[in-house]
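Report on the structure given below.
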Amino acid sequence: MNVNDSERIRHILKKKGFVDVQDEDKADIIIINTCAVREKPQQKVFSYVGRVGKGKKVVIAGCVAQSEGLNLLKKDKKVNFVIGTHQYYKIDSIFENCLKENKNGVDVEFSKEWKEIIPDINTRESKVYGYISIMEGCNNFCSYCIVPFTRGREKHRPFKDIVKEAEYLSYNGYKEIILLGQNVNSWEDKKEGIKFVDLLSYIATNINVKWVRFITSYPGYYDNELIEVMAKHRSIARHIHFPAQSGSTRILKRMNRTYTREQYLKMIFDFKKNLPDVKFSSDFIVGFPSENENDFNLTLSLIQEVEYESIFSFVYSPRKHTKALLLKDDLDMKVKKQRLYKLQEVQRDIQLINNEKLIGRVVEVLVVKRNPKKIDEVIARTESYRVVNFESDAKPGEFKKILIENVGPYSLRGKEI
Ligand code: SF4
């Protein structure tokens, strides 16, 4: 979502005549779009600000801006403006004031309205895949998560606006669209009586792109209708990100996740039964307060049972405002790190075994870009988001059939057939 927010910011500023530069030294203003989900990226913001050269304006945007507000201005004199996650739509006027009147300031008000900004294709990260935000915020309050405090309560974008953006991307030759939100499967257009599965179905039927994806889905809101819609529409990618966070029901309860290990596995089983080619990815937190060996082993066995395509895994990071701060963070960091390495090792082995099964097989891939390190190669992705490298003069946006010859745990290599 931060990538998409940066696209939206770039769009507004370009329209006002600001120029986007790649070389930081040439910039007059530096916008740092930040993430507050863990402590480490938050700390990186300050070390980055410290390195910014003299005479530049520094604007901090994103979740750290939202969470820290005025503290950021106080903490470092180099910071000129702090803009929260709901105020991007007026970043141009903020900039104009900030520059003309040489003022510093903070704007971190939450707004209840959805502010419509559709980034044009020249301000987007890619001309092959396009992000479409469909909702923002979260009402779940998982006990470790800062998101409800940095993105606010859920706001759902109107159906017609989402469709307009999807049509725009399709018209401009995009091959893949990715519907974004903290809880995409809770999206609805109440006024129109349209639910997430209806939106998905509409886009899959009416928008001419090869793959439609959605991220992130909350496992607690899953229902069978999603399987039915996916089964009906081949353009909905057979790949779902379902963050499990832990394989232990005891820990899930302490995390305020509203599903059990058994419910999560049943959901995965239902998908696999009805859509045999579907693949999953997930997020895991290791070392949550009171996690014991048994809880951790349950997480490992869940990973082995599901056989994820990929996972994002981190050691628990205590966050401001959250309920988990009240729990005793009783585990030694050494133990947490050992568990994280173990979990990542287990996942790496799963990925390697699954990738090895593809040797000698032909897979369809979407070329995403040229390999910046090897000019005669391109980087492509499979439907389930595996990275495939191969020699080719294919252009980004082309689909190719690739015979897989070599694999590692994180990528595949092959040749065009
Ligand atoms: S559902 Fe996701 S975004 Fe919402 S509180 Fe839980 S972890 Fe955070």
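The values are calculated or read from the model by the stated rules, or taken from the named source; none is laboratory data. In this text, all values refer to a predicted model and were calculated from it rather than measured experimentally. Neighbour counts are summed over all protein chains in view; Cβ atoms, including those assigned to glycine, are modelled from backbone coordinates with ideal geometry.
Yes/no matrix, rows are residues, columns are (1) outside any loop (DSSP other than H, G, I, E, B); (2) without any contact (Cβ under 8 Å) to a residue 40 or more places away in the chain:
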site: R213; (1), (2): yes, yes
site: Y259; (1), (2): no, no
site: K266; (1), (2): yes, yes
site: D270; (1), (2): yes, no
site: K273; (1), (2): yes, yes
site: F280; (1), (2): yes, no
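Is it the case, given these coordinates, that K115 is outside any strand (DSSP E or B) and not assigned by TED's automatic domain parsing to the domain that holds K210? The answer is yes for K115.
Of all the listed residues (I402, I417), the sole one being in contact (Cβ under 8 Å) with a residue 24 or more places away in the chain, surrounded by 14 or more Cβ atoms within 10 Å (Cβ to Cβ) and of a type in the set (A, V, I, L, M) is I402.
Could you go through the range 240-255 and let me know if any residue there is surrounded by fewer than 18 Cβ atoms within 10 Å (Cβ to Cβ), of a type in the set (S, T, N, Q) and either more than 19 Å from Y316 (Cβ to Cβ) or within 16 Å of the ligand (Cβ to nearest atom) (or both). For the range 240-255, residues surrounded by fewer than 18 Cβ atoms within 10 Å (Cβ to Cβ), of a type in the set (S, T, N, Q) and either more than 19 Å from Y316 (Cβ to Cβ) or within 16 Å of the ligand (Cβ to nearest atom) (or both): absent. Of the candidates I60, I9, the single residue that is outside the structural domain of L169 (by TED's automatic domain parsing), free of Cβ contacts under 8 Å to residues at least 60 places away in the same chain and crowded, with 19+ Cβ neighbours inside 10 Å is I60. Among the criteria (1) assigned to a helix (DSSP H, G or I); (2) farther than 20 Å from P318 by Cα; (3) basic (K, R), the one K54 does not fulfil is (1). Selection over the range 25-45 of residues that are under 21 Å from F314 (Cα atoms) and either aromatic (F, W, Y) or in a helix (DSSP H, G or I) (or both) gives a count of 7. Screening the range 108-162 for residues that are farther than 24 Å from K15 by Cα and of a type in the set (F, W, Y) and picking the one that is nearest to the ligand (Cβ to nearest atom) gives F141. Taken together, N102, N71, N97 contain a single residue that is outside the structural domain of S170 (by TED's automatic domain parsing), modelled with pLDDT under 90 and assigned to a helix (DSSP H, G or I), which is N97.
Output yes when any residue across the range 229-236 is assigned to a strand (DSSP E or B), away from the ligand (no atom under 16 Å from the Cβ) and out of contact with any His (no Cβ under 8 Å at 6 or more places or on another chain), and no when none is. Yes, the range 229-236 has at least one match.
Check N208 against each of (1) surrounded by fewer than 16 Cβ atoms within 10 Å (Cβ to Cβ); (2) in contact with a Gly (Cβ under 9 Å, 6 or more places away or on another chain) and name the one condition it does not meet. Answer for N208: the failing condition is (2). Residue check: K77 meets all listed conditions (1) in the same structural domain as I32 (by TED's automatic domain parsing); (2) in a loop (DSSP other than H, G, I, E, B); (3) closer than 27 Å to P219 by Cβ but one, namely (3). Scanning the range 261-288 for residues that are within 16 Å of the ligand (Cβ to nearest atom) and either farther than 16 Å from I350 by Cα or crowded, with 21+ Cβ neighbours inside 10 Å (or both) gives Q263, Y264, M267, S282, F284, I285, V286, F288.
Within the range 176-228, the set of residues being hydroxyl-bearing (S, T, Y), within 22 Å of I118 (Cβ to Cβ) and within 16 Å of the ligand (Cβ to nearest atom) comprises just one member, T216.
Free of Cβ contacts under 8 Å to residues at least 60 places away in the same chain and assigned to a helix (DSSP H, G or I) - does that describe any residue in the range 119-136? Yes, the range 119-136 contains a residue that is free of Cβ contacts under 8 Å to residues at least 60 places away in the same chain and assigned to a helix (DSSP H, G or I). Of all residues in the range 353-389, exactly one satisfies the criterion of being surrounded by 15 or more Cβ atoms within 10 Å (Cβ to Cβ), assigned to a strand (DSSP E or B) and among the acidic types (D, E), namely E377.
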